[in-house]
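First the structure, in the form of structure tokens, and then the observations on it.
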Amino acid sequence: MKPREIRPGVYWVGVNDRITELFEGLWPIGREGISYNSYLVTDEKSALIDLSKEMLSDDYLAQLSGVYDLASLDYVIINHMEPDHSGALKRILELAPNAHILGMSKTVRMLKDFYGLTENITQLTNGEELSLGKHTLRFVYTPFVHWPETMMTYMVEEQVLFPCDGFGGYGALDGGIFDDTCTNLPFYEAEALRYFTNIVAAFSKSVLSALGKFADMPIKMVAPSHGLIWRKDPGRILELYRTWSEYYHQPADAGITVLFGTMYRNTERALNAALDGIAEEGVPVSVHDVRKTHVSYILPDLWTQRGVLVAAPTYEGKLFPTAMDVLMMANRKRVSHKTAAYLGSYAWGGGAQADFEHIAEKMEWQVLNGFGFLGQAETADLDRAHEMGVQLARAVKAGE
Ligand SMILES: Cc1cc2nc3c(=O)[nH]c(=O)nc-3n(C[C@H](O)[C@H](O)[C@H](O)COP(=O)(O)O)c2cc1C
Ligand SMILES: [Fe+2]
Ligand SMILES: [Fe+2]
């Protein structure tokens, strides 16, 4: 894709990554891809804001060569040191020997730790401004969105926010790089949520505090380093992130996420009865088969729905492993304020229910009820499962 002038003198010079299967080695993006958005400001002085992953350096340098001769580059602005944005740094410095690197204090240390760089580095302070001529850049320290060194850059005259990972999303850019030129906005919004829950959600408090720092700075465009650039409705992505972040300290939407697993379908029949009960109460439900679904795709529902039903059997005295894997990741991602229930089959001593209750307690989830049953679900078990569905749905509707 060609570079685009997104504001006068400001260019998108990003690249798509359709090669990486697992982002951060964890999160599937093989089908969806991702973009590493980088921005070039040309003025009396020139600056690059965030770069690309090393693997795509050739594509990235080709992008840049179309708009600018790097030999006269003045500044490289590092909002965030993670190598998906800083990986191309050494290649850039070879071509731009006079460029100064700018970042917050922890960035300075990481530049040495990651790349052995100690020269031509200027440490920024929160709120500091840099004039490039017609464009002024203001650097706002936003620690832990999602690393300790992260800052966001605000272009004062154009009112453009360059938040790097903040307000970003998965999804390679299919030609249309803006919210008003892409042809599949729902895809990018869904992928922004998946990205948020996978990468950023554990730092929701920091996102809210970052948003607070921009409360009195008008924002006409949000230009993150992954995903769409929001120019038609920049408030949209900020509000989505605000809403999602709020769920770290309050119950989310009325809805139930089901974590379902089974070996021999005994648990599935009881789950079906519970689902009938939930449906009678008219509460939205999303059933995820933990045997077949990567947790990356489950976290968005788990994060945005306030009810959870775990329907999985006992396996070697504990909860069915892939169901526990999802819960362990939920714990890592600080999924909280859930109302939950458990059902599942066992054949002798059981143990899944206690295992579930243990991790639910760690996450401070409110466990409404739970039960196990021996072997196949008898009529009484199915009735109980149905009633559990009704009770969980009612609690979720009541906002508990
Ligand atoms: C490998 C394996 C380990 C199991 N471990 C236990 C166990 O520790 N305790 C128990 O009560 N049942 C255990 N079971 C029995 C299952 O929980 C039981 O067959 C249950 O009905 C399976 O439910 P499902 O049909 O939903 O898969 C185990 C079954 C298998 C295949
Ligand atoms: Fe990052
Ligand atoms: Fe990133």
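For the subset of the stretch 1-45 comprising residues that are outside any strand (DSSP E or B) and basic (K, R), which member is farthest from H226 (Cα to Cα)?
Among those that are outside any strand (DSSP E or B) and basic (K, R), it is K45.
Can you tell me which residue among A210, A190, A215 is out of contact with any Phe, Trp or Tyr (no Cβ under 8 Å at 6 or more places or on another chain) and either within 16 Å of ligand 3 (Cβ to nearest atom) or not assigned by TED's automatic domain parsing to the domain that holds K232 (or both)?
A210
Can you name every residue in the stretch 165-191 that is assigned to a loop (DSSP other than H, G, I, E, B), among the charged types (D, E, K, R) and within 21 Å of H146 (Cα to Cα)?
Listed by number, the list holds a single entry, D165.
How many of the residues in the stretch 76-111 are among the basic types (K, R), buried (at least 17 other Cβ atoms within 10 Å of the Cβ) and touching a helix residue (DSSP H, G or I) at 6+ places or on another chain (Cβ under 9 Å)?
1
Considering each residue of the stretch 46-55, count those that are in a helix (DSSP H, G or I) and either within 16 Å of ligand 1 (Cβ to nearest atom) or farther than 17 Å from R18 by Cα (or both), and give that number.
Of the residues in the stretch 46-55, 0 are in a helix (DSSP H, G or I) and either within 16 Å of ligand 1 (Cβ to nearest atom) or farther than 17 Å from R18 by Cα (or both).
Filter the stretch 371-400 for residues that are buried (at least 19 other Cβ atoms within 10 Å of the Cβ) and either modelled with pLDDT under 95 or under 31 Å from the mean Cα position of the chain (by Cα) (or both) and give the result.
The answer is G389, L392, A393, A395, V396.
Which residue, of I278, I256, I237, is closer than 30 Å to D174 by Cβ, touching a residue at least 24 places away in the same chain (Cβ under 8 Å), away from ligand 2 (no atom under 16 Å from the Cβ) and buried (at least 16 other Cβ atoms within 10 Å of the Cβ)?
I237
Would you kindly identify the helices (runs of 4 or more DSSP H) lying entirely within the stretch 281-395 that contain at least 3 residues that are closer than 14 Å to F260 by Cβ?
Fully inside the stretch 281-395 and qualifying: 295-304, 321-332.
Tally up the residues in the stretch 156-172 that are more than 20 Å from the chain's Cα centre (by Cα) and surrounded by fewer than 24 Cβ atoms within 10 Å (Cβ to Cβ), please.
Total satisfying the criteria: 4.
The values are calculated or read from the model by the stated rules, or taken from the named source; none is laboratory data. Computed from a predicted structure; not experimentally measured. We place every Cβ from the backbone using ideal geometry, glycine too, and count neighbours over all the protein chains shown.
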